[in-house]
1. As I understand it, the dipole of the chain uses +1 on the Cβ of Lys and Arg and -1 on the Cβ of Asp and Glu, about the Cα centre. Which of GLY48, SER19, SER91 lies farthest toward its positive end?
2. Check the straight Cα-Cα distances from LYS18 and name the lysines below 20 Å, setting aside those fewer than 8 residues away within the same chain.
3. Cα-based Rg of the chain per 2.2 N^0.38 Å, rounded to two decimals?
4. Expressed as a rounded percentage, what relative contact order does the range 41-91 have, with Cα pairs under 8 Å and six or more residues apart?
5. Let's see if you can work this out: charge +1 on each Lys and Arg Cβ, -1 on each Asp and Glu Cβ, no other charges. What is the dipole magnitude of the chain about its Cα centre, in debye to the nearest 20?
6. Evaluate the relative contact order of the chain (contact order divided by residue number), counting alpha-carbon pairs under 8 angstrom at least 6 apart; express in whole percent.
7. Could you put SER17, SER91 in order, starting from the residue whose Cβ has the fewest other Cβ atoms within 10 Å?
8. Using only DSSP helix segments of four residues or longer, with each worth -39500 (n - 2.57), what per-residue ellipticity at 222 nm results for the chain after dividing by its residue count and rounding to 500?
Amino acid sequence: MNKNDLIARVADKAGMSKSSAQDAVDATFGEIETALSGGDDVRIVGFGNFAVTHRSASTGRNPRTGEPIQIPASKIPKFKAGKALKVAVNS
């Protein structure tokens, strides 16, 4: 499923137009992004948790030349599925 499929399904389930559903999906994703950018976690009961974790700097290798390269520290978003989502996927 891609974003357009998700929008179409939301529109059908909620009985709304596709443009309204697109606005709702975009607003949801935007607010999750804003919260994570601000350092907050997003917890959706029954679905899962979104959080930002820190990845330390490390040394890697250029696969083409084998030369060592420095990989900078970064923040990465993580998602951990909730119990209800895990049960739904496994049944």
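Read the figures in this text as sums done on the coordinates, not as results from a lab. Source: prediction; values computed, not measured. Cβ coordinates were reconstructed from backbone atoms using ideal geometry, including for glycine residues, and neighbour counts include every protein chain displayed.
1. Positive-end residue among those listed: SER91.
2. Output for LYS18: LYS3.
3. Values: Rg = 18.6 Å, N = 91, 2.2 N^0.38 = 12.2 Å.
Dividing the Cα Rg of the chain by 2.2 N^0.38 Å gives 1.52.
4. 41 percent
5. Numbers: 13 positive and 9 negative charges, 92 e Å.
Dipole about the Cα centre, nearest 20: 440 debye.
6. Contact order relative to length: 21 percent.
7. Listed from fewest to most nearby Cβ atoms, that is SER91, SER17.
8. Computed ellipticity for the chain at 222 nm equals -14000 deg cm²/dmol.
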